[in-house]
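Undergrad: Let me give you the structure first, and then I'll get to my questions.
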Amino acid sequence: MNLKHGVKFAFAQFIAKVFIWLGKIAITVGNIFSLLFIMNNITNDSKEVKSFLGPCIAVGLVTWLTASLFLGIFEHGVVAMLICICIDLDMNGGSLEYGPATFHEKIKRVNVNKEKRD
């Protein structure tokens, strides 16, 4: 399956990895800023702490690991959906047979746009 549809697999996995990486960074940065906001404005712990570096690193690492676990599920979903599409195409002579109608319409639009570019 990977050899026959290698370009599709590589492109989908690349796009998924980019979005996962951006998501991890956004979640981690957002969580660190929320830590600083809470420490400065809600609990007033900023006066007791000499350096914000330790808490920021601890929260950043825990957030990065947690985001990696949850966003890894997204990557597996992308690969699973791509495998299903490839199997459907192979079993039905290059046309989609199974799946929701809205999904088929989107795939057809992508293929039409691809043919126009070529």
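Here, each number is a calculation from the coordinates, and none is a lab measurement. On a predicted model such as this, the values are computed, not experimentally measured, just so you know. Please note: Cβ atoms are built from the backbone with ideal geometry, for glycine as well, and neighbour counts cover all protein chains shown.
Undergrad: If you take every residue apart from Ala16 with its C-beta less than 14 Å away from the C-beta of Ala16, what net charge results, scoring Lys and Arg +1 and Asp and Glu -1?
TA: Taking every other residue near Ala16 into account, the sum is +2.
Undergrad: Suppose every K and R has +1 on its Cβ and every D and E has -1 on its Cβ; what is the size of the dipole of the chain about the Cα centre, in Debye to the nearest 20?
TA: 320
Undergrad: Distance check, please: which entries in Lys24/Lys106; Lys17/Lys47; Lys4/Lys106 exceed 32 angstrom between their Cα atoms?
TA: Too far apart for the 32 Å limit: Lys17/Lys47.
Undergrad: Compare the Cα positions of Val112, Pro55, Tyr98 along the charge dipole of the chain (+1 at Cβ of Lys, Arg; -1 at Cβ of Asp, Glu; about the Cα centre) and return the one farthest towards the positive end.
TA: So the residue we want is Val112.
Undergrad: In segment 30-118, what GluC sites (Glu not before Pro) fall in a loop by DSSP, with at most 12 other Cβ atoms inside 10 Å?
TA: Answer by residue number: Glu48, Glu97.
Undergrad: Which is the longest part of the chain that has none of the trypsin sites (Lys or Arg not before Pro) sitting in a DSSP loop with at most 11 other Cβ atoms within 10 Å?
TA: 51-118
Undergrad: What's the local net charge at Phe74, with K and R +1, D and E -1, over the other residues with C-beta under 13 Å away?
TA: +1
Undergrad: Note down the relative contact order for the chain as a percent, whole number, built from C-alpha pairs under 8 angstrom at least six residues apart.
TA: With pairs under 8 Å counted, the relative contact order is 32 percent.
Undergrad: Quick one: among Gly93, Gly72, Gly60, which has the greatest mean-square fluctuation in a GNM of the chain with alpha-carbon springs under 10 angstrom?
TA: Among Gly93, Gly72, Gly60, the largest mean-square fluctuation in the Gaussian network model of the chain belongs to Gly93.
Undergrad: Which three extents, in angstrom, do the Cα atoms of segment 6-117 have along their principal axes, listed largest first?
TA: Projected onto the principal axes, the Cα atoms of segment 6-117 cover 69, 24, 23 Å.
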